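Read-outs throughout are calculated quantities, based only on the coordinates presented, and are distinct from any laboratory measurement. A quick note: this is a predicted structure, and the numbers were derived from the prediction, not measured. Neighbour counts are summed over all protein chains in view; Cβ atoms, including those assigned to glycine, are modelled from backbone coordinates with ideal geometry.
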Ligand SMILES: [Zn+2]
């Protein structure tokens, strides 16, 4: 078994009026939000997939099927924590996370610190080991037209000493 492994995750959800906009577990005030079966937190979903990928355990849909009523409206923090427990059970610990949220509007820079802090808390990492970047899609494609939003994440894990 390797001393290090990496995982990658990507997620997208449609935007819908009247839905909450929750990113990294933080509710961003906005007249529209992300639509989906759970709380549709694209950032935590991408991180969950990156964690599952790092230990080659498939994807979020296998572990938390959207046909299962127990996950309806679920706080995505639970998905991340479950994926993290699988990483730990496989004999690894999380080293760091880098991520990108791609959303045309609203501007998210005022929420950067609180989103980063909350993601670090969920992952039980120091803030310096978590990075969240925000980008627009330059008004091009479904994200740029305000129809959807995306998130990407990569994680590094290492064998327990
Ligand atoms: Zn999702």
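Details
- To the nearest ten degrees, helix 77-89 and the longest principal axis of the Cα atoms of the chain are 20 degrees apart.
- At full extension, residue 89 and residue 4 could sit 29.1 nm farther apart than now, given 0.36 nm per residue minus the alpha carbon distance.
- For 48, 67, 100, 136, order by how many other beta-carbon atoms lie within 10 Å, fewest first: 67, 136, 100, 48
- In degrees, nearest ten, helix 42-54 long axis to first principal axis of the chain (Cα): 20 degrees
- For the range 75-99 and the range 55-73, distance of Cα centres in Å: 14 Å
- Least to most buried among 111, 92 (fewest other Cβ within 10 Å first): 111, 92
- The chain: calculated mean residue ellipticity at 222 nm from DSSP helix runs of at least 4, using -39500 (n - 2.57): -8000 deg cm²/dmol
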